[in-house]
Amino acid sequence: MRALIALVVVMGLAILIGSTTLVVLLVQRAHAPTPANLSGVTTPAPATLSLSEPEGTRIAATTVAGDRLVVQLSGGGPDRLVVLDLRANTILARVALAH
């Protein structure tokens, strides 16, 4: 009988500790800063990057791979690829596609 009472007390404490932990975590997450409620934090304006392509150039396709953006251009000369670094906002390479 003592073992049963000890087991009930231990399980009751486990439920109490688990419930308290759950409530504390929920309160912390409710008050954690999210993008919608960040105060005093400013995000930089997106930078503009000009590709300086000839008249008549159009974007045929784009592909993102990590922090790289590959833009396939057509018109205004031979078809070509431009590889951009999205973090540094720079042009990494220009590749002309042979017909």
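Only the coordinates and a few stated rules stand behind these numbers; no lab work does. If you're wondering where the values come from, they're calculated on a predicted model, not measured in any experiment. When we count neighbours, we look across all protein chains shown, and the Cβ atoms used for this are built from the backbone with ideal geometry, even at glycine.
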(message) If I stretch the segment between L16 and L49 completely, what's the gain in nm (0.36 nm per residue apart, minus their alpha carbon distance), one decimal?
(response) 6.1 nm
(request) Work out the FRET efficiency for D85 and L26 from their Cβ-Cβ distance, taking R0 = 35 Å, and round it to the nearest 0.05. (result) 0.30
